[in-house]
1. Take segment 110-139 and flag every residue that is open to solvent by 10 Å² or more (accessible area, probe 1.4 Å), touching an Asp or Glu at 6+ places or on another chain (Cβ under 8 Å) and in a helix (DSSP H, G or I).
2. Within segment 122-136, which residues are at pLDDT 90 or above, in contact with a Pro (Cβ under 9 Å, 6 or more places away or on another chain) and of a type outside the set (S, T, N, Q)?
3. Which residue, of Thr446, Thr456, Thr503, is of a type in the set (Ser, Thr, Tyr), surrounded by fewer than 24 Cβ atoms within 10 Å (Cβ to Cβ), part of a helix (DSSP H, G or I) and at pLDDT below 95?
4. Run down Ala432, Ala426 and say which single residue is of a type in the set (A, V, I, L, M, F, W, C), in a helix (DSSP H, G or I) and surrounded by fewer than 24 Cβ atoms within 10 Å (Cβ to Cβ).
5. Do we have Thr71 as of a type in the set (Val, Ile, Thr), part of a loop (DSSP other than H, G, I, E, B), modelled with pLDDT under 90 and under 21 Å from Ala5 (Cα atoms) here?
6. Within segment 515-524, identify whether any single residue is under 30 Å from Arg441 (Cα atoms) and among the polar types (S, T, N, Q), and answer yes or no.
7. Val261: assigned to a helix (DSSP H, G or I), open to solvent by less than 10 Å² (accessible area, probe 1.4 Å) and farther than 30 Å from Ala426 by Cβ, yes or no?
8. Mind checking which residues of segment 459-473 are at pLDDT below 85 and open to solvent by 40 Å² or more (accessible area, probe 1.4 Å)?
Amino acid sequence: MLHAAFLMPLFPLAGFVVLLAFGRRIGEPFAGWIGTAAIAGSFVSACVTLAGLAGRSSAARSLTCSVSCGTAAQPHAFFTWISVGGLHVKAAILLDPLSMTMCMFVTGVSMLIHLYSVGYMKGDRDFTKFFVYLNAFVFSMLVLVLANNLLVTFVGWEGVGVCSYWLVAFWFHRDSAASAGKKAFIYNRIGDVGFLLAMFLIFSKTGTLTYVSVFAHRHLLSGGGTATAAVLLLFLAATGKSAQIPLFNWLPDAMEGPTPVSALIHAATMVTAGVYLLCRVNPLLALSPDAMWVIAAIGGATAFVAATIACAQQDIKKALAFSTVSQIGYMVLAVGTGAYVAAIFLMVCHACYKGLLFLGAGSVIHGLEDEQDMQRMGGLRRVMPWTFVTFLTAWLALAAIPPFSGFWAKGDILTNVYGKSLPLYALGLLTAFFTAYYMSRVFFLTFTGRERWRETAPDGRPPHHSPHEAPWAMRAPLVILAFFAVFAGAVNLPWVHVGTLDTWLGPVFGSRLFAAHQSAGAQVGLALGDAVVAIAAVLVAWRLWRRSATRPALEPAFLRRVWYWDNVYDAAIGRPGQALARAYAVVVDARVIDGAVNGAARLVRSTATGVRRVQTGYVRNYVLGIALGMAAILAFMLSRTWWS
C-alpha cells in the first residue's frame, strides 16, 4: 500500500501535462474536471498510503529508523539525480507521519478548491490555463513535502514560488495583479537565498543533503555557531514562504489573484511550507536554543502585528490575508517553543476553516459582481443562506469559540507557550482577542446589518443587483469544509491519549518535542481563559459592528496602511535603490560602459577616415607609394648589411 505514495505527485503532474498539451482543444468545463480528477486521484493515493503507514508500528514509522531498520517508511528512489564527487542526490520519497499528514490536507483541500474553481472561473478567457497552473502548483507542493533531501525540497520550494507568481498575476491585464505577482516573486527569492546558503553550510559540514544522514551527523554542526547559522538561514527562507516579519508584505497583495488562488495559497499549501520545513529539520533546531527563541519571538510578533492590521481592513480578502499571516505566526511561535505537534495541529485545522473562509468570501464576491469592499455588503444572510451558514462555522472556528476546531488547536499552542514563556503567552492571548474581534467584524459587516449593496456607494458607484447564491460546484466544497471546521479538532483532543495527532507524530519529533505538563486543573483554567477572551472579543465586535459599517476611530491610518511597513521599505530600500540606479545610469552606464563602447566606435571611425584619404584613386599616387615602399625596403636591407 505504501507504493501508492509514488502516485501522489504523479497524478497532478499528469493532469498538468494533459492540460498543457490538449487543454485548449478540451476547453471549458472539461479541462476543469480533468484537473480536479487529477487531484482527486492524488487524494485517493494519499488515503491508501496513509492506511499502509498507519498499519505499521511507531518505530517503523520513525524517520530516524527508516534507513537503519530497512523499513518501507522510505520507499525506493525514482532515480539518481546528481552524483558528482561527494554529492549524491536521489529523487526519492520520504514517507513518515509528518509528510503523510501534510499530503492528506494538501491533496484534500486542493481537490475541493479545484472543484470550486470549476464554478468560480466559469467564462474566464483563460479557464484552461488556470487549471494548468493549479495542477503544477499542487505537484510542486507535493514534491516539497515528500522530498527526502534538502535539494529536492528546494526544487518543490521554487516550483511553488513560480506557480504562485503565475497564479497571483493570473489577471495580468490589471496593473495591480502584475505588480502583486512580481512582489510575491521577489520577496520569496529573498528568502530563498537563506535556503541556498543553509544547504551550502550543511553540506560543507556533513557532506550530505539527505535528511536522515544530515540528522545522523548533526553533531558536526554543533560547534562554532554553525547550527545557529544554519537554523537562522532556514528560518529566513521560512519567513519568505510563510510570510513572517520582515517578509510578510507580499501576502496581502497576493489577493489580486482569483479567490481560489487565495484559498490555495493561504490555506493548505504555500504559506504552510515554511512551517513544514522548520518542523522537518527539528533535530537541527534542537542544537540551537538561541535560534529557537528568535523564531518564537518573530512568530509571536508577526501574529500580533498582522492581527491588529486585520482589524482595520475594508477589503474582505485582505482582512482574511492578514488573518493568515497572523495564524502562521502562531504556528511559528509554536515551532520556536518546541511544540511541533501543536503547530501541525493548527496547520490542519487552519487549512479547513481558512480555506472555507476564502471560498466563502469568493462566493460573496461572485454573488456581488466582484465586489470586495465590506462597506458595500451587509444583510447577505437572507439572500445567500448556504454561504452564510458555512461562513458562520469558519468564523467561529477561527475565533476559537468552543467547541469548534480552532479552539482546540489554538489552545494547544497557548498551553505550550504558557509552559515556556509567560511574556510570549501574554502576547499570544492578546492576539487571540484581536483574532476573534477582526473575524467577528468581517462576519457582521458582510452578513448582518442593513443591505448596503442596495445603496449608491459614497464614490458614486451604482447599487448592486440582488446577490445570488453560488452554483452547486461552489457550494459543495463549502459544506465539506464546514464539517471539518467544526470537527477537525477531534484529531488531538487534550484528554485523549490514543489515536491522536500526538501519538501519530510522536516518532518524528521524539524527545525534542516540548510538552507543557500542566495539571488537569491548570489546563482547564487555561482553556477557560482562552474561551473567555474569544467570547469577549466577539461581544465587543457585535456591539460595535452589527449596525455600523464605518468607525474611523477604530481604523487608524497606521493600521490601514499596514503599520507603514511598505513605506519604510520604500524609504529605506526602494527610493535609495532608485537613486542609486539613476546615478549608475548617469555615471557608470552612460560614461563608463557607453563611453567605452562609443569611444571604440569613434576610434575605428577616425582611423578609417585617415586611412580612406590614402585611397585617392590615382594610379600615379599608387606607383609613387610602391616606389617609396621599395626604397624603404632596400634601405633597411642595406643598413643590415652595413652594420653586420
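The values are calculated or read from the model by the stated rules, or taken from the named source; none is laboratory data. Quick caveat: nothing in here was measured; it's all calculated off a predicted structure. Note: ideal-geometry Cβ built from the backbone for every residue, glycine included; neighbour counts use all protein chains shown. For the accessible areas, the whole protein counts, side chains as well, though only heavy atoms, and no ligand, DNA or RNA atoms are used. Shrake-Rupley method; radii C 1.70, N 1.55, O 1.52, S 1.80 Å.
1. Across segment 110-139, the qualifying residue is only Thr128.
2. Phe127, Phe130, Leu134, Ala136
3. Thr503
4. Ala426
5. Against the criterion (of a type in the set (Val, Ile, Thr), part of a loop (DSSP other than H, G, I, E, B), modelled with pLDDT under 90 and under 21 Å from Ala5 (Cα atoms)), Thr71 qualifies.
6. Yes, the conditions are met somewhere in segment 515-524.
7. Numbers: assigned to a helix (DSSP H, G or I): yes; open to solvent by less than 10 Å² (accessible area, probe 1.4 Å): yes; farther than 30 Å from Ala426 by Cβ: yes.
Yes.
8. Asp459, Gly460, Arg461, Pro462, Pro463, His465, Ser466, His468 - these are the residues of segment 459-473 that are at pLDDT below 85 and open to solvent by 40 Å² or more (accessible area, probe 1.4 Å).
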